[in-house]
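Have a look at the structure below, then the notes.
Read the figures in this text as sums done on the coordinates, not as results from a lab. This is a predicted model, so every value here is computed, not measured. Glycine also receives a Cβ, built like all others from the backbone with ideal geometry; neighbour counts cover every protein chain displayed.
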Amino acid sequence: MRKFIAPDYYLVDELFTDEHKLIRASVRDWVNRAVIPEIDDYNQRHEFPFHLVKELGELGGFGPYLPEKYGGAGLDQISYGLIMQELERGDSGIRSLASVQSSLVMYPIYKFGTEAQRMKYLPKLATGEMIGAFGLTEPDHGSDPGGMQSSITDEGDHYLLNGSKMWITNAPICHVAVVWAKDGEGIVRGLLVERGIEGFTTPETRKKWSLRSSSTGELVFDNVKVPKENIFPDIKGLKGPLTCLSSARYGIAWGVIGAAMDCYDTALQYALERKQFNKPIAAFQLTQKKLAEMLTEITKAQLLTWRLGVLKNENRATPAQISMAKRNNVKMALDIARESRQILGAMGITGDFPIMRHMMNLESVITYEGTHDIHLLITGADITGENAFA
Ligand code: TGC
Ligand code: FAD
């Protein structure tokens, strides 16, 4: 296997603690051994690599920043970011699995759940014994989740849940879903819906050209009787799901640096070896322009996320700051994937190299967790105080 050399042009490594570097090394090693050798085949077959779930649990990839009491490791936010970076160097689908499980399922159960809900679900989600999903998006409401139509009605001893969620990562394989629906007063509430309950189905979404090793599907609720103890008791309104998104978007801002690093490193090594017109293509100015711009953008993204991590550790990172990092870094990674693919010429379209796969994956990453343009509007609203969404 080609040896990966992580770019670190501004010696950002010096900003990390020994513990950060140790965690990064252990995830990098696992990704090298367990993910990279076979992930292209899973993508080619449009298949989810089930066997990686428990391994990722053993590695501590699920809920790493939650307290040990609930199966986490009590790590800081920079450690979480570095874990996401290393996983996405392998494949955005593996990072998606870990993002959803950690930030969109375990985090809301920890933050909004009762102690009984925490003890019932978190330890099993941490080990990978259970897989979770997060249902916010609906067929008619993506960027505007506030318009959701899924509903719960209070039936005395249970809630009756109706509606459907679309484009849900892990839906076809989940044991439990965190579902957001409106109550009788039109207020958004969060509930835990377990597989096996009558009226709950999870059809798979096939024919994706992106995130093909990630399992995507729908959550369909047809008069589902959800026990009352499954509701998050105190969180009300869109703030609930959006708080979870802030955590997941933060992880994505780090994650995509991993994909960008892998593309850059692949392109650099290829350019040094590949000869045309009797010299390495790395010697041509146009190739150097591409490589120099890639490294500049990776370096800027590394510094952005490191600072965001410090602010997040101090509970000072704002949702708008997280939006800026998600938007900037995903576009940066997608641009680098596209440029890297060009450097590899025809070889760039094959599964022998990771670039085309990263590129296709990043087309989803730039859309989910808030599209590129929605994040621009969040920044615009933060700057001006004027909301340009509607
Ligand atoms: P708006 O009025 O702005 O906000 C409603 C309430 O929420 C608060 N809030 C936030 N709180 C925490 N974190 C954030 N990021 C927050 N953003 C807003 C806000 O303060 C307000 O609180 P309160 O107390 O005043 O009620 O809501 P809006 O309806 O105008 O919508 C604004 C908008 C467009 C920014 C928002 O809805 C949005 O972000 N849309 C994008 C939707 C999205 O990101 N969906 C993601 C679905 S999950 C997913 O894609 C998972 S993929 C995972 C994977 O596979 O890795
Ligand atoms: P739309 O909201 O219809 O947007 C279409 C276009 O219109 C976009 O370019 C958008 O930027 C633009 N647009 C929309 N509103 C405005 C506006 N006000 N001003 C300017 N432009 C605007 N969701 C979940 O809940 N859970 C998951 O686990 C999950 N996983 C996903 C996995 C994958 C692989 C994908 C692709 C999506 C996933 N999603 C998930 C859904 C994702 O969050 C949505 O696709 C995303 O929020 C965008 O919604 P939409 O696709 O309906 O696009």
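For Cα pairs less than 8 Å apart in space and 6+ apart in sequence, what is the mean separation divided by the residue count of the stretch 239-384, i.e. the relative contact order in percent?
Values: 144 pairs, mean separation 47.0, N = 146.
After rounding, I find 32 percent.
Give me the one-decimal nm value for the distance between modelled label points at L376 and E38, 7 Å along each residue's Cα-to-Cβ direction.
4.2 nm
I need the semi-axes of the equivalent ellipsoid of the chain: take the C-alpha gyration tensor, multiply each eigenvalue by 5, square-root it, list largest first in whole angstrom. It would help to have the intermediate numbers written out before the result.
Working: eigenvalues 267, 89, 83 Å².
In descending order, the three semi-axes are 37, 21, 20 Å.
Can you figure out the FRET efficiency of F284 with I5, using R₀ = 22 Å and their beta-carbon distance, to the nearest 0.05?
That gives a FRET efficiency of 0.55.
Within 10 Å of each candidate Cβ there may be at most 14 other Cβ atoms; applying that plus a DSSP loop requirement, which GluC sites (Glu not before Pro) in the stretch 142-240 survive?
E155, E185, E198
Under the Kirkwood approximation applied to all pairs of distinct alpha-carbon atoms, what is the hydrodynamic radius of the stretch 132-230 in Å?
Working: mean 1/r = 0.0741 Å⁻¹.
This gives a value of 13.5 Å.
Order of C244, C263 from fewest to most other C-beta atoms within 10 Å?
Numbers: C244 24, C263 32.
Exposure proxy ranking, most exposed first: C244, C263.
Averaging over every viewing direction, what projected area does the convex hull of the Cα atoms of the stretch 6-144 cover, in nm²? Could the numbers behind the result be given before it?
Values: hull surface 41.4 nm².
Computed as one quarter of the Cα hull surface, the answer is 10.4 nm².
Which three extents, in angstrom, do the Cα atoms of the stretch 233-370 have along their principal axes, listed largest first?
Extents along the principal axes: 68, 27, 17 Å.
Let me have the relative contact order for the chain, percent, based on Cα pairs under 8 Å that are six or more residues apart.
On the way: 701 pairs, mean separation 68.8, N = 390.
This gives 18 percent for the chain.
Relative contact order of the stretch 80-196, please, whole-number percent, based on alpha carbon pairs below 8 angstrom and at least 6 residues apart.
Numbers: 165 pairs, mean separation 25.2, N = 117.
That works out to 22 percent.
Roughly how many whole Å is it from the C-alpha centroid of the stretch 321-390 to that of the stretch 33-97?
Using only Cα atoms to place each centre, the spacing works out to 21 Å.
For the pair L22/N223, report the inter-label distance in nm, with labels modelled 7 Å from Cα in the Cβ direction.
About 5.7 nm, to one decimal.
Write down the Kirkwood hydrodynamic radius of the stretch 173-298, to one decimal in angstroms, obtained as one divided by the mean of 1/r over all alpha carbon pairs.
Working: mean 1/r = 0.0522 Å⁻¹.
Averaging 1/r across every pair of different Cα atoms and inverting gives 19.2 Å.
If you filter the stretch 266-342 for chymotrypsin sites (Phe, Trp or Tyr not before Pro), then keep DSSP loop positions with at most 15 other Cβ within 10 Å, what is left?
F277, F284
Helix 285-313 sits at what angle to the longest principal axis of the chain, using alpha carbons and giving 0 to 90 degrees rounded to 10?
40 degrees
Just want the ordering: E88, E55, from fewest to most Cβ atoms lying within 10 Å of their own Cβ. If you can, show how the numbers build up before the last one.
Working: E88 32, E55 15.
In increasing order of surrounding Cβ atoms, one gets E55, E88.
At a 10 Å Cβ-Cβ cut-off, how would you order L272, L191, fewest neighbours first?
Values: L272 14, L191 22.
By the 10 Å Cβ count, ascending: L272, L191.
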